[in-house]
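Below: one structure, written as structure tokens.
The values are calculated or read from the model by the stated rules, or taken from the named source; none is laboratory data. None of these values were measured; they are calculated from a predicted model. Note that we place each Cβ from the backbone using ideal geometry, even for glycine, and neighbour counts take in every protein chain shown. Ligands, DNA and RNA are stripped out before the accessible areas are found, and what is left, the full protein with its side chains, is counted by its heavy atoms. Shrake-Rupley method; radii C 1.70, N 1.55, O 1.52, S 1.80 Å.
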Amino acid sequence: MAIVMQKTAAADVVIFGGGIAGLWLLNRLRQEGFSVLLFESGALGGGQTYKAQGIIHGGMKYALQGVLNQSAQAMIDMPERWKQCLSGQGEIDLSAVPILSTQHYLWSPHKFTSKLAGFLAGATLSSKVETLQKENYPLVFQHAAFKGEVFSLDEIVVDVPVLVRELVKANQDAIFKIEPLSGDELKVDENGHLHSATVYMSGKSIEVSAQQFVFTAGAGNEVIIKKLKRTELAMQRRPLHMVMVKTPFHYPLYAHCLGLGSRPRVTITTHHTYDGNTIWYIGGMLAEEGVERDSQKQTQAARAELMSLFPWLDFSHAEFASFMIDRAEPLQKNGYKPDTFCIQRVENMMIAWPTKLALAPKLTDDIMQYFQQINLAPQLFDTRELRSWPIPPLARPIWEEMFCKNVA
């Protein structure tokens, strides 16, 4: 009886997870001459990435009390770094990615003079915030009924679906679709060294080896965490109940609403469906507090909030939809949000979470610096058996999933 040999493939680095973190790392590693394989079991950008609002935060939403906390400090230089890439001058050429807004705004429904003065007080913050005259407000706030104030933040908003497409475009020969990874197919020794991973697709299997393995799969990182059974490795899921509104008016808005606490009351970005509809995408405290509400109650709460914030707009014909996001992160005390990106190292593995879209470049920096420290050099490259394997599809924009369901 003939013995069927297991097919194999090898690369310097194998990445599991095709969201913003995995794709950014893939681009940078290949630029440096490493052979890289990226495996994704769903759609590219189809986990947390395609549900991102596209804001390249500079940390201002975490500094609404005028204090530059750790979260704000981690992000303060990210807008400039992304702008370099978007202009074609940065570490990755993203010049084909549309900038939806060159500023993100902060507005107060009322004149909270003392609070805003505190927010603008520090020199570090004031360089990132500009007070606007009414004629320079976003159009929706130029209505006579608006009695508040608007500030411009040094933050931009990018088109996430096109961002994913551009990160994929030059790397299609290194990205492969697989069935969900199984812990049983990860060959890990007693020291936690991962010797190989067997991946499956449409009845075929390939055993993949690498010098280093990087897990950037968000909730999918749970597979390797469970496999390793180490007390220091644990994951949490922080839910959000996001809302989308198909508006009967065209007022593009990219802004945080200043609330009474340290977090935005709502955060709104604007997107457009393929058939030309305008969508307001809403996060902030509404999304955080909405996790205890079902979809009907959450959309009712959103309608009431928007009517309160924009009493001069007619939402009677607006269409509302809501959905949950499960933000997967390493376990934090009390389940709080991590201050910055997180990487946990075990032998020849890294388990990584960017925690924010904007922080993907910094997470990649950390990984590549570690590879330099261990003197990782290109050695392995054998992908012949993967040539017939498919590439995963690109994730469909979430606003089209919500409002264009009749189109495949």
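Structure data summary
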item: Selection count, the range 291-334, where residues are assigned to a strand (DSSP E or B), out of contact with any helix residue (DSSP H, G or I) (no Cβ under 8 Å at 6 or more places or on another chain) and under 14 Å from TYR281 (Cβ atoms); result: 0
item: Count - residues of the range 254-267 that are in contact with a Leu (Cβ under 6 Å, 6 or more places away or on another chain) and surrounded by fewer than 15 Cβ atoms within 10 Å (Cβ to Cβ); result: 1
item: The listed residue being in contact with a helix residue (DSSP H, G or I) (Cβ under 8 Å, 6 or more places away or on another chain), assigned to a strand (DSSP E or B) and either surrounded by fewer than 16 Cβ atoms within 10 Å (Cβ to Cβ) or on the phi < 0 side of the Ramachandran plot (or both), out of TYR281, TYR251, TYR274; result: TYR281
item: Flag for LYS333 being under 29 Å from GLU232 (Cβ atoms), basic (Lys, Arg) and in contact (Cβ under 8 Å) with a residue 24 or more places away in the chain; result: no
item: Qualifying residue in the range 377-392 (condition: part of a helix (DSSP H, G or I) and buried (at least 16 other Cβ atoms within 10 Å of the Cβ)); result: yes
item: One residue from MET242, MET201 being crowded, with 22+ Cβ neighbours inside 10 Å and touching a strand residue (DSSP E or B) at 6+ places or on another chain (Cβ under 8 Å); result: MET242
item: Single residue of ARG345, ARG293, ARG327 found to be within 30 Å of PHE16 (Cβ to Cβ) and either without any contact (Cβ under 8 Å) to a residue 24 or more places away in the chain or open to solvent by 40 Å² or more (accessible area, probe 1.4 Å) (or both); result: ARG345
item: Residue within the range 223-238 that is under 30 Å from LYS187 (Cβ atoms), in contact with a Gly (Cβ under 8 Å, 6 or more places away or on another chain), open to solvent by less than 10 Å² (accessible area, probe 1.4 Å) and touching a residue at least 24 places away in the same chain (Cβ under 8 Å) present; result: yes
item: Residues that are of a type in the set (Val, Ile, Thr), open to solvent by 30 Å² or more (accessible area, probe 1.4 Å) and over 15 Å from ILE55 (Cβ atoms), drawn from the range 354-376; result: ILE374
item: Close pairs from the range 377-390: first closer than 21 Å to GLU40 by Cβ, partner in a loop (DSSP other than H, G, I, E, B) and not β-branched (Val, Ile, Thr), Cβ under 8 Å, at least 6 apart; result: LEU380/SER35; PHE381/SER35; THR383/SER35; GLU385/LYS7
item: Residue match in the range 308-320 (condition: crowded, with 17+ Cβ neighbours inside 10 Å and among the hydroxyl-bearing types (Ser, Thr, Tyr)); result: no
